[in-house]
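Once you've had a glance at the structure underneath, I'll fire off some questions.
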Amino acid sequence: MDKRGIAGIIVLVILLGCFFQFSRMDGFLKLDYFRNLNFVPQNILQGTHTQGEKEKYLILYDPRDVPSVFANHRLAWLLEQQKKEAVSCSIYEDTAVDASYRGVLLVASNWNKTVVLPKLADYAAQGGTVAFMMHPEVEAGVGVPDICQEMAGFAVAGGQKSVLGIRLHTDFLFAGKGFSFGEGTQYHTDTLSVTLQDDDVVHITALDGSPLLWEHAYGQGKCLFYNGAVRDDKTNIGVLTAMLAHCGEDSIYPVVGTKLFFIDDFPAPVPEGNFDKIYNELHVDTADFFRHIWWPFMRECADKYSLKYTGLIIESYGDQVKGPFVPTQGRQARDNLIVYGRELLDMGGELGLHGYNHQSLAPAGYNQDELDYVPWESKEDMVESLQELRRYIKSAYPDYDFQSYVPPSDILSPEGHEAVKEVFPELKVYSSLFDGLYSERGYYQDFGRNADGTYEIPRFTSGYAPDRQNMWENISVINYIGVFSHFVHPDELFYEESKDLTWAMMVQGFHNFLAEINDRFGWLRPVTDSECVAYFADYLDMDYRVTREQDKLILNCWNYHYPLRFVLRSSKEIAEVTGGSARKIGDDAYMIETEKPETIIQWKEKAK
């Protein structure tokens, strides 16, 4: 062999060595350069402060009754979120009631002690709206005041009883008409046995037909009656919002207007071998199920139902809670992180944080026995585990900022909260659960902004085949704040809760659920968790004033960056919108999106 041939062989060996070294270092997996992609339209601060009073509501409550005090607090908080004013007064005081109030909300059951009942009757007769938001006490020898029965259009027909479920007969909660649930659940409401008048409009009943919410015309105004009790959970937040929205005519309030979808434990290590349930139905091993069946299905659903996934990474499924924390061994988990993560980002999704492992960041006392988890001994151990997680994900995505965190099993202690922020100072948003049982020690959130500038954006429902109560929770929360927030896990087919479900059943349940969400709430814009922060920050920071004229409604907004969304409740037809757009989202509901600081909604003239 001549010198030229030997040189060629040497060059080939060097090139092959470089090739295999580049491959060993995941070079081919990371050829794409990933930074955070922001799909929120860029904009500058808009609008200037407009003079005018905020819309004002009077809340009458009983300071001697705990449920009434709770209801007063909940309503005042809700009105504050909507940038409206709440004036709270005791039912034992002789309070002024005048036309400056958009509505009067009676959140007390002791009607016989309510001093201003005659004033409420005058207020409604002259065009105001009175909302009775708790049914009255019925005691032996003490009747319900006649004036209240006349105003609200009912007669007492018996004592209290417990009724099951709900049925929505109208779009009182927009996009809810025709919905019902309750069979096979424990969703009960304490209600009063009543007889209604023929001209009452019944909006909501229990499954047995017992009226739960109705409307009665009174003089030039109206009365709303919620024949239940303010629940100690958040499931009736949509009912409260809808009652506020039906005070007066042409009511309008801001919403976020977003649709979020989370995949917990993704990307994550994939179990090796066969899982009998999968193999018997689909004849593939576990790795092939995730790669060739589950993930293509999820990508198909993202396209079909307009979803943007936020995937929450874990490094290990081990139960280690004491350092040193061992990096995940072998290539498979790392390859999954890069391949699945890259494909998720290519779809416009987001990579977020779940944990080094699936042990919730909490000391003993956070339901670990029930979950078969191991408590952490110290915040320092939590920090060390998260430092290993940071090393792991940054080795694959060195230029990517991880801005979203979801706690494993939706449990997070104050120490864990501090540990996450210490290791990931770039974090923007925590997402856990909106509601749940205290005994489960979950990290339950309201929508909000923390003192350090991070945000709380909860999830509401979960699973591939949600039940009807889950749909009710979505209807309720979307009426409240205009957010859909759902999550799944890749391995739910393995769960004990899924033992009676096949993959085919889960696929059909998922399609049914997402199709119904899109049919009812197709106006929601898909976002990732950190993208939602931009719209939610505007929801918190913006302000607005409303001017109502005979032929139009004028909406002036300021202190915002991106197009704002509002829900407008009106029986009128819109002729045109200047400075924004309108979309009908219910029988008497529109979604208004602003394009300019002043949006003018012109009404159609009524046919003569």
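The values are calculated or read from the model by the stated rules, or taken from the named source; none is laboratory data. Here the structure is a predicted model, which means the values were calculated and not measured. Please note: Cβ atoms are built from the backbone with ideal geometry, for glycine as well, and neighbour counts cover all protein chains shown. The accessibility values were calculated without ligands, DNA or RNA, using every heavy atom of the protein model including side chains. Shrake-Rupley method; radii C 1.70, N 1.55, O 1.52, S 1.80 Å.
Can you confirm whether ARG291 is in a helix (DSSP H, G or I), under 15 Å from TYR392 (Cβ atoms) and open to solvent by 40 Å² or more (accessible area, probe 1.4 Å)?
For ARG291, the condition - in a helix (DSSP H, G or I), under 15 Å from TYR392 (Cβ atoms) and open to solvent by 40 Å² or more (accessible area, probe 1.4 Å) - is not met.
Also, quick follow-up: Hey, could you check segment 235-254 for residues that are open to solvent by less than 10 Å² (accessible area, probe 1.4 Å) and outside any helix (DSSP H, G or I) and say which is farthest from LYS604 (Cα to Cα)?
The extreme case among them is ASN236.
Can you pull out every residue in segment 417-464 that is aliphatic (A, V, I, L, M) and at pLDDT 95 or above?
Correct list: ALA419, VAL420, VAL423, LEU427, VAL429, LEU433, ALA451, ILE457.
Does segment 441-461 contain at least one residue that is in contact (Cβ under 8 Å) with a residue 40 or more places away in the chain and of a type in the set (Asp, Glu)?
No - not one qualifying residue is present in segment 441-461.
Next question. List every residue pair whose Cβ atoms sit under 6 Å apart, with the two residues 6 or more apart in sequence or on different chains, where the first one lies in segment 65-78 and is touching a residue at least 40 places away in the same chain (Cβ under 8 Å) and part of a helix (DSSP H, G or I) and the second, anywhere, is open to solvent by less than 20 Å² (accessible area, probe 1.4 Å) and acidic (Asp, Glu).
Qualifying pairs under 6 Å: SER68/ASP62.
Turning to a different aspect of this structure: Which one of the conditions (1) open to solvent by 10 Å² or more (accessible area, probe 1.4 Å); (2) of a type in the set (S, T, N, Q); (3) more than 25 Å from the chain's Cα centre (by Cα) does THR286 fail to meet, given that it meets all the rest?
(1)
Read through the list (1) in contact with a strand residue (DSSP E or B) (Cβ under 9 Å, 6 or more places away or on another chain); (2) under 27 Å from LEU79 (Cα atoms); (3) not in a helix (DSSP H, G or I), then give the number of the only condition that TYR400 fails.
(2)
Provide a single number: the residues in segment 549-588 that are open to solvent by 70 Å² or more (accessible area, probe 1.4 Å) and not in a loop (DSSP other than H, G, I, E, B).
Within segment 549-588, residues that are open to solvent by 70 Å² or more (accessible area, probe 1.4 Å) and not in a loop (DSSP other than H, G, I, E, B) number 5.
Now for a separate question. Going by the conditions given, is PHE262 buried (at least 20 other Cβ atoms within 10 Å of the Cβ), outside any strand (DSSP E or B), of a type in the set (Phe, Trp, Tyr) and touching a helix residue (DSSP H, G or I) at 6+ places or on another chain (Cβ under 8 Å)?
Spelling it out, it is not the case that PHE262 is buried (at least 20 other Cβ atoms within 10 Å of the Cβ), outside any strand (DSSP E or B), of a type in the set (Phe, Trp, Tyr) and touching a helix residue (DSSP H, G or I) at 6+ places or on another chain (Cβ under 8 Å).
For ALA217, all conditions in the list (1) surrounded by fewer than 15 Cβ atoms within 10 Å (Cβ to Cβ); (2) part of a loop (DSSP other than H, G, I, E, B) hold save one; what is the number of the exception?
ALA217 satisfies every listed condition except (2).
Per-residue answers, yes or no, for (1) in a strand (DSSP E or B); (2) surrounded by fewer than 21 Cβ atoms within 10 Å (Cβ to Cβ):
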| position | (1), (2) |
| --- | --- |
| ASP171 | no, yes |
| PHE174 | no, no |
| GLY178 | no, yes |
| GLY184 | no, yes |
| THR195 | yes, yes |
| HIS203 | yes, no |
| GLY209 | no, yes |
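Name the pairs: first residue in segment 398-410 and open to solvent by 10 Å² or more (accessible area, probe 1.4 Å), second residue in a loop (DSSP other than H, G, I, E, B) and small (Gly, Ala, Ser), Cβ to Cβ under 6 Å, at least 6 apart or on different chains?
Listed by first residue and then by second, the contacts come to SER409/SER360; ASP410/SER432; ASP410/GLY442.
All but one of (1) within 22 Å of GLY221 (Cβ to Cβ); (2) at pLDDT 95 or above hold for GLU53, so report the exception by its number.
(2)
Can you tell me which residue in segment 154-193 is nearest to TRP214 (Cα to Cα), limited to those that are within 25 Å of the chain's Cα centre (by Cα) and hydroxyl-bearing (Ser, Thr, Tyr)?
This residue is THR170.
What is the one condition in (1) of a type outside the set (Gly, Ala, Ser); (2) closer than 21 Å to THR185 by Cβ; (3) buried (at least 19 other Cβ atoms within 10 Å of the Cβ) that PHE484 does not satisfy?
(2)
Among the residues of segment 99-107, is there at least one that is in contact with a Leu (Cβ under 7 Å, 6 or more places away or on another chain) and without any contact (Cβ under 8 Å) to a residue 40 or more places away in the chain?
Looking through segment 99-107, none of the residues is in contact with a Leu (Cβ under 7 Å, 6 or more places away or on another chain) and without any contact (Cβ under 8 Å) to a residue 40 or more places away in the chain.
Considering only segment 66-89, how many residues are farther than 30 Å from TRP558 by Cα and surrounded by fewer than 18 Cβ atoms within 10 Å (Cβ to Cβ)?
4
Results for (1) free of Cβ contacts under 8 Å to residues at least 24 places away in the same chain; (2) in a helix (DSSP H, G or I); (3) loosely packed, with under 15 Cβ neighbours inside 10 Å; (4) touching a His at 6+ places or on another chain (Cβ under 8 Å), shown as yes or no for each residue.
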residue: PHE325; (1), (2), (3), (4): no, no, no, no
residue: TYR340; (1), (2), (3), (4): no, yes, no, no
residue: LEU351; (1), (2), (3), (4): no, no, no, no
residue: PRO363; (1), (2), (3), (4): no, no, no, no
residue: GLU377; (1), (2), (3), (4): no, no, yes, no
residue: GLN387; (1), (2), (3), (4): no, yes, no, no
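Another one. Scan segment 444-468 residue by residue and report those that are open to solvent by 20 Å² or more (accessible area, probe 1.4 Å) and over 21 Å from GLY257 (Cβ atoms).
TYR444, ASN450, ALA451, ASP452, GLY453, SER462, ALA465, PRO466, ASP467, ARG468, listed by residue number.
Right, here's the next one. Looking at segment 487-503 only, could you name the residues that are in contact with an Asp or Glu (Cβ under 8 Å, 6 or more places away or on another chain) and either at pLDDT below 95 or open to solvent by 10 Å² or more (accessible area, probe 1.4 Å) (or both)?
PHE487, HIS489, PRO490, ASP491, SER498, THR502, TRP503
Now, a different point. Out of curiosity, is ARG334 more than 26 Å from the chain's Cα centre (by Cα), basic (Lys, Arg) and modelled with pLDDT of 95 or more? Let's see the steps before the verdict.
Working: more than 26 Å from the chain's Cα centre (by Cα): yes; basic (Lys, Arg): yes; modelled with pLDDT of 95 or more: no.
Answer is no for this residue.
If I filter segment 416-441 down to residues being open to solvent by 70 Å² or more (accessible area, probe 1.4 Å) and touching a Lys or Arg at 6+ places or on another chain (Cβ under 9 Å), which single residue comes out as farthest from PRO398 (Cα to Cα)?
My answer is GLU418.
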